[in-house]
Amino acid sequence: MITRWPWFGAGVTAAGIAVTGWAYADWLSAPSEPGQPVVAGLVFGLGVLMMIPLVLTLVSAFRYAWRRESLRDFELDLLNREISYARRQAWRRAVLQAVLGAYGWSQAPAAFEDGFPELGVVGFAAGQTVVVAGLVVAAIRLRGTAWMEQSVGGAAPATAAGAGPGSPGGADEGVEPGASVGAGRGKWPVRVVHVVAGAVGGLGVGAVAVLAAFLAVTLLPVDAVTAERAVKPSAAIPAAVSRVAWEWEAPSLIQNAVPAGPGVVVRVRDGVVALDTATGLPRWHYRRPGAYAGQLFGAPDGGTVIVTFSVTNDSTRVVTLDAYTGKVRSQRDRSAGGMGGFHGVALTSRGFAQQSGPSELVGFDLDEHRVRWLYELPDDCRFAGDSKFARYVALRDVIAVMLMCRPDENLHVPCPRDDEVDMKIRVVALDPADGRQVWRQEHLTSADPSSLDIRAAADGDALAVLTGGQDFLLSQADGKVIGDLDLDALPYHLEEQRTAFDGYVGFGADGLLTTDRKKPGPKSYRWEPFGAGEQKQVSLPKPPDLSQWTDTLPLRDVLLWTIPLMRGKETASMTVVATRWDTGETVRFPDVVEFVYHRGEGRLPWPRGAPLLETPGAITVVQGDGSKVVGLAG
């Protein structure tokens, strides 16, 4: 048990000084606080210098106590005066450091405003608090020679003035007048252990106290509620809709949403909220009050989501969540790469991939964000599309990569734009866990390199391969061609828009939605199944106002489509219409959601992303820059 409190207090003080010094340097280097804590740092440095006498006194006391058998009266008086002086200085230093600690804590609230506390500010305040605690302990226990003797395991010394002939330690035993008489030096290891135990114990307690403060400021800003994994299977996706089943008001403007788990995950300003789309009730949420949630990615199988938060200008916190329970699988700080975000992510529930340089794709695990595999392009191939933004997407079970191969050409020479080039298109499917090639599809073509692209179906079961002329669909399971594409017959948003996770709701492994979109006036939409099934068709009137942004979603019995309308200078609303295949019978849901309209700000009329999402139990209507999510059911 630690009983040598002055040394314990000195250890606590030393731990606080070390932490405060590091925190001050970190605080001073923060770009958001240029020069603000300079005066506090100077005062802190002066206080540290003034603590040197306290340390020297403790060393001197131990040195005197070590040879206490031979101490003279004047040496005892001198030592008592030194200890008394050190005690007064400890109290003065404690008051000074308390003032600095109060200043640090006064700055701490501002460090929490963006949801990610600045550890330098909090460390400075916590370190100063630990310093004060250590000084107070040392000052209380510095009590003259009685303390000195307790420090080394002996009794208080007795002088010759109190000893008489015949008494222990008296003249009869050869003790000179004025010499101190001790109770015995004792074994030296006991003394050293007392001092070392006190100092090391103080260091440990101080370090634990600061660590607890760091953990508190790291964990407390998170507002998270998890859920248990559902025992029952998720509800089926509706074949038709006829009513508004539920509505949910978001705590702030909605940024985007992805189908995930037993419903949908909605990104709001400071985090994400998961809704059970069969009931419209929140299942779980992960929010950091004051922070900004910059991105949301969803795996095509619905099992995993990633949300990112802006920590600094060049750092992004990447949080991986189980989409069914909301439990954190991992959180890591990643460099924003000068682009302010976590970009080029192909996410699956078994890992994710990102481009690394002009000829490599790197696979990471979800729990540690460690590199699991590296896919290096063959010598005669390079990524299709722009060299900075390669064409690769996540499907349900694999990550698909599109390559262009020209064995007879120098691949380091950029392909001419708007010119057709003879090449071999190669689509490679990689296992997200180990990078192993699962399947490969090759196709000879002559195309403009800038027209090459691949798109994933919303459910991740099919892949659209766009070559600017000969376009086709592949099954994600084996890479076989399951259908052809006519780009001119596709709804507008396949060519120009992508949803939040690069999926397209107009095609899948079972069929394809087409339209005569270049024809003026009313539009005719057709569902063309692959293999078994009947073709379905419906004619829609041309919607008013912003008609080119109409979104569509084919269901088994109806085609859903949207009509966005201006409602004011800066607001618009979304009306959803369900039209039954072949018969044309319609059900309208007027103004189901409203959102902020950004005309004239260099943005699209409203944020990218499909407002109609296929989710269990209901079709979810969610629009970026709106505040309400609506579920439509049969």
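The values are calculated or read from the model by the stated rules, or taken from the named source; none is laboratory data. None of the values given here were measured: they were computed from a predicted structure. Cβ coordinates were reconstructed from backbone atoms using ideal geometry, including for glycine residues, and neighbour counts include every protein chain displayed. Surface areas here come from the heavy atoms of the whole protein model, side chains and all, with no ligands, DNA or RNA. Shrake-Rupley method; radii C 1.70, N 1.55, O 1.52, S 1.80 Å.
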Tabulated pairs, segment 578-598, first under 18 Å from V630 (Cα atoms), second of a type in the set (K, R) and open to solvent by less than 80 Å² (accessible area, probe 1.4 Å), C-beta under 6 angstrom, 6+ apart or interchain: V593/K628
Residue in segment 252-263 that is in contact (Cβ under 8 Å) with a residue 12 or more places away in the chain and open to solvent by 60 Å² or more (accessible area, probe 1.4 Å) present: yes
Cβ pairs under 9 Å, 6+ apart, first in segment 287-305 and over 18 Å from A230 (Cβ atoms) and at pLDDT 90 or above, second part of a loop (DSSP other than H, G, I, E, B) and hydroxyl-bearing (S, T, Y): P300/S349
Filter result (modelled with pLDDT of 85 or more and closer than 29 Å to E420 by Cβ) within segment 485-513: L512, L513
Residue in segment 305-316 that is under 26 Å from P432 (Cα atoms), surrounded by fewer than 18 Cβ atoms within 10 Å (Cβ to Cβ) and out of contact with any His (no Cβ under 9 Å at 6 or more places or on another chain) present: yes
Enumeration of residues in segment 271-309 that are over 16 Å from I254 (Cβ atoms) and of a type in the set (K, R): R283, R288
Qualifying position, being surrounded by fewer than 22 Cβ atoms within 10 Å (Cβ to Cβ), at pLDDT 80 or above and under 28 Å from P259 (Cβ atoms), among V393, V398, V371, V345: V345
Residue among A108, A126, A98 that is at pLDDT 75 or above, within 26 Å of R287 (Cα to Cα) and either out of contact with any Lys or Arg (no Cβ under 9 Å at 6 or more places or on another chain) or surrounded by fewer than 24 Cβ atoms within 10 Å (Cβ to Cβ) (or both): A126
Residue within segment 439-454 that is open to solvent by less than 60 Å² (accessible area, probe 1.4 Å), at pLDDT 70 or above, among the acidic types (D, E) and within 27 Å of D380 (Cβ to Cβ) present: yes
